[in-house]
Amino acid sequence: MDAEGLALLLPPVTLAALVDSWLREDCPGLNYAALVSGAGPSQAALWAKSPGVLAGQPFFDAIFTQLNCQVSWFLPEGSKLVPVARVAEVRGPAHCLLLGERVALNTLARCSGIASAAAAAVEAARGAGWTGHVAGTRKTTPGFRLVEKYGLLVGGAASHRYDLGGLVMVKDNHVVAAGGVEKAVRAARQAADFTLKVEVECSSLQEAVQAAEAGADLVLLDNFKPELHPTATVLKAQFPSVAVEASGGITLDNLPQFCGPHIDVISMGMLTQAAPALDFSLKLFAKEVAPVPKIH
């Protein structure tokens with residue numbers, strides 16, 4: 001999927017509302033620093049100071065559009081960053097540039113960090129000869145999910161279900177509440193109707209077979225370490241149309257151990273929970289050429 005085209009996935013009204021909430025959070029009252037900077041026309045260079053994948057341009061743009069500033073990008077979304085790289089230039093009233101600076105940098109840094117982790121995971125999977133889906137999870141930051149799910153897509157990973165309405169996921173607690181795997185899957189199947197798939201988290205081969213027999217579309221093998229591939233092999237032999245997802249404790253280092261011919265999806269919570277943010281800075285400049293910042 002073309003990274004530049006992914007911006008079309010972001011509803012403009014939702015994007016504007018998110019940006020508005022972020023800016024209100026950072027400056028809910030008087031902005032005393034605006035008296036220092038003034039309202040004169042100014043310009044600033046956006047620098048990338050760490051390697052990774054550039055992601056988050058639509059959010060960065062929306063923040064500064066809200067503040068009557070204009071952004072000119074020198075690198076496209078999804079670019080591999082080699083520091084120090086001049087990524088963009090922002091022009092507008094000085095106090096507006098500085099009002100959006102931290103919000104825009106935070107968003108870009110987090111989104112790019114997730115995209116970078118996703119790209120590394122996909123590369124590791126492909127390097128192991130596996131062609132399935134590397135996916136994120138619903139382990140996202142409250143209020144920031146749209147950015148994090150978007151970052152996964154820019155990095156080449158699957159976002160998994162966006163919310164509870166995207167897939168009927170029957171977890172271990174649902175099974176306990178329903179009184180067993182078969183009852184849980186039957187209820188989920190009825191709720192899903194023909195529009196949604198049903199996925200069931202299973203703790204054993206027996207549960208996986210029960211889930212598949214009851215009509216599950218996907219089976220989640222969570223925290224299966226030595227038994228993962230033998231379980232998936234047996235399950236696929238009986239139910240070749242049932243997709244198998246592996247999850248639990250998967251990192252960039254051990255990812256190849258989970259890649260196998262009977263695994264269709266590998267989901268990784270660390271892509272959104274533990275991805276380090278990339279380092280960006282926004283520097284105002286008065287001269288024609290923006291000075292290159294130093295990396296500390």
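Points worth noting:
- Among the residues of region 103-145, those identified as farther than 18 Å from Leu18 by Cα, part of a loop (DSSP other than H, G, I, E, B) and either in contact (Cβ under 8 Å) with a residue 40 or more places away in the chain or within 10 Å of the chain's Cα centre (by Cα) (or both) are Ala128, Gly129, Trp130, Gly132, Gly136, Thr137, Arg138, Lys139.
- Output for region 7-42, where each listed residue is open to solvent by 30 Å² or more (accessible area, probe 1.4 Å) and outside any helix (DSSP H, G or I): Pro11, Cys27, Pro28, Gly29, Leu30, Asn31, Tyr32, Ala33, Ala39, Gly40, Pro41
- Leading residue by the ranking (least open to solvent (accessible area, probe 1.4 Å)) among those in region 99-119 that are more than 15 Å from Gln273 (Cβ to Cβ) and charged (D, E, K, R): Glu101
- Only a single item in (1) over 30 Å from Val53 (Cβ atoms); (2) open to solvent by 60 Å² or more (accessible area, probe 1.4 Å) is not met by Asp253, and it is number (1).
- Ile263 vs. criteria of a type in the set (A, V, I, L, M) and either open to solvent by 60 Å² or more (accessible area, probe 1.4 Å) or on the phi > 0 side of the Ramachandran plot (or both): no
- Positions within region 39-55 being in contact with a Gly (Cβ under 8 Å, 6 or more places away or on another chain) and farther than 15 Å from Ser281 by Cβ, in sequence order: Pro41, Ser42, Val53, Ala55
- Within region 278-292, considering residues that are touching a Phe, Trp or Tyr at 6+ places or on another chain (Cβ under 9 Å) and modelled with pLDDT under 80, the one surrounded by the most Cβ atoms within 10 Å (Cβ to Cβ): Ala290
- For region 70-98, a tally of residues being among the charged types (D, E, K, R), open to solvent by 50 Å² or more (accessible area, probe 1.4 Å) and over 22 Å from Pro276 (Cα atoms) returns 1.
- The lone exception for Asn173 - which of (1) closer than 30 Å to Leu10 by Cα; (2) open to solvent by 50 Å² or more (accessible area, probe 1.4 Å); (3) not acidic (Asp, Glu) it fails: (1)
- Selection from region 75-90 of residues that are out of contact with any Ser or Thr (no Cβ under 7 Å at 6 or more places or on another chain) and either at pLDDT below 95 or not small (Gly, Ala, Ser) (or both): Leu75, Pro76, Glu77, Lys80, Leu81, Val82, Val84, Arg86, Val87, Val90
The values are calculated or read from the model by the stated rules, or taken from the named source; none is laboratory data. Please read all numbers here as calculations on a predicted model, not as lab measurements. All Cβ positions, glycine included, derive from the backbone under ideal geometry; neighbour counts span all protein chains shown. These accessible areas exclude ligands, DNA and RNA; they are computed on the full protein's heavy atoms, side chains included. Shrake-Rupley method; radii C 1.70, N 1.55, O 1.52, S 1.80 Å.
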